[in-house]
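The values are calculated or read from the model by the stated rules, or taken from the named source; none is laboratory data. Keep in mind that what you see is a predicted model, and the values were worked out from it rather than measured. Here the Cβ positions follow ideal geometry from the backbone for every residue, glycine too, while neighbour counts run over all protein chains shown.
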Amino acid sequence: MADEHGTQSAAWYKQSFGADYLTIYKHRDCNHAKQEVRQMIDWLRLPPGARVLDLCCGMGRHSFTLAEFGYDVTGLDLSEVLLSEAKEQDSSSSVRWLQGDMRHVPLPCVRFDAVVNLFTSFGYFDDDKENRKVLLEIERLLQPGGKWIVDFLNPYAVVSGLVPHSERREGNMIIREARYVKNGMVYKQITVLEDGRDTRTYTEQVKLYKLPDFEQMLKGSSLVVKQLYGDYQGSSYNAATSPRMIMVGEKKAFRC
């Protein structure tokens, strides 16, 4: 990938989801996750004990809650730091934790009743083919008739409501965030200032896929979108006003 100035750098997602991430996003709590999972359960209508994959589980907020509701949960993430945090909190070993890339999940034989990809954990890659690989992995990992959720940002709302700059304090850290849109991607550059330590800078990026883009990427697969919501209250998706674009779908029977 390239930064705002065209300088090549290592893949951003291999740098950004480290120790500082735990502080930068500490405001994301389990109460919100429980509310979201309750709504997901209503959408998915899975029986108790159903096998669910939380694809890009991060620190495991949703994985833990899905397990509390009686599902057999596997959480996958690429970040060793975030998985270590999840495992440390999982004193009862309620979730099966797995490290891996969402494009190449290291589970060749396991099939799930549902796969969920939450909180804009999609669109990380510059190349559309690489992002489509994530959808094809969801297809591969699902049982026929299995359910899936991709909880994505609403690209129209992101562009219209973009806050270019913000600053806040977390403990002894000052966190500065700069946001901009370029070449169909939304970027967030995060600068962390802390006494006694070097300044750290991270860049996050997400491709601003619209619904027709997802429909195009799903062509030729057995994944179909059954419902489209604009938030976790179950509101219908409205491109102009919805904060999210949440696709709920299923995998059709095997193709010949």
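Is it true that some residue in segment 122-139 is outside any loop (DSSP other than H, G, I, E, B), outside the structural domain of N183 (by TED's automatic domain parsing) and farther than 29 Å from Q216 by Cβ? No, segment 122-139 contains no residue that is outside any loop (DSSP other than H, G, I, E, B), outside the structural domain of N183 (by TED's automatic domain parsing) and farther than 29 Å from Q216 by Cβ. Out of all the residues in segment 225-247, is one or more without any contact (Cβ under 8 Å) to a residue 60 or more places away in the chain, assigned to a loop (DSSP other than H, G, I, E, B) and crowded, with 18+ Cβ neighbours inside 10 Å? For segment 225-247, residues without any contact (Cβ under 8 Å) to a residue 60 or more places away in the chain, assigned to a loop (DSSP other than H, G, I, E, B) and crowded, with 18+ Cβ neighbours inside 10 Å: present. Is it the case that G60 is under 21 Å from V115 (Cβ atoms) and not hydroxyl-bearing (S, T, Y)? Yes, satisfied. Annotation note: of D198, D213, the sole residue that is over 15 Å from Q15 (Cα atoms) and either in a strand (DSSP E or B) or under 18 Å from the mean Cα position of the chain (by Cα) (or both) is D213.
Looking at S221, S166, which one is among the small types (G, A, S), in a strand (DSSP E or B) and surrounded by fewer than 18 Cβ atoms within 10 Å (Cβ to Cβ)? Outline the logic, then answer.
Values: S221 fails: in a strand (DSSP E or B).
Of S221, S166, the one residue that is among the small types (G, A, S), in a strand (DSSP E or B) and surrounded by fewer than 18 Cβ atoms within 10 Å (Cβ to Cβ) is S166.
Among the residues of segment 102-112, are any buried (at least 23 other Cβ atoms within 10 Å of the Cβ), in contact (Cβ under 8 Å) with a residue 24 or more places away in the chain, β-branched (V, I, T) and at negative phi? Taking every residue of segment 102-112 in turn, none turns out to be buried (at least 23 other Cβ atoms within 10 Å of the Cβ), in contact (Cβ under 8 Å) with a residue 24 or more places away in the chain, β-branched (V, I, T) and at negative phi.
Given the criteria closer than 15 Å to E204 by Cβ, of a type in the set (D, E, K, R) and surrounded by 13 or more Cβ atoms within 10 Å (Cβ to Cβ), does E177 qualify? Here the answer is yes, as E177 does meet what is asked.
So in segment 161-208, with the set limited to residues that are of a type in the set (G, A, S) and in contact (Cβ under 8 Å) with a residue 24 or more places away in the chain, which one is farthest from P243 (Cα to Cα)?
By that ranking, first place goes to G171.
Of the listed requirements (1) among the aromatic types (F, W, Y); (2) more than 22 Å from L223 (Cα to Cα); (3) in a strand (DSSP E or B), Y156 misses just one: (3).
Report, by residue number, each residue of segment 169-181 that is basic (K, R) and either at pLDDT 95 or above or in contact with a helix residue (DSSP H, G or I) (Cβ under 8 Å, 6 or more places away or on another chain) (or both).
Selection gives R176, R179.
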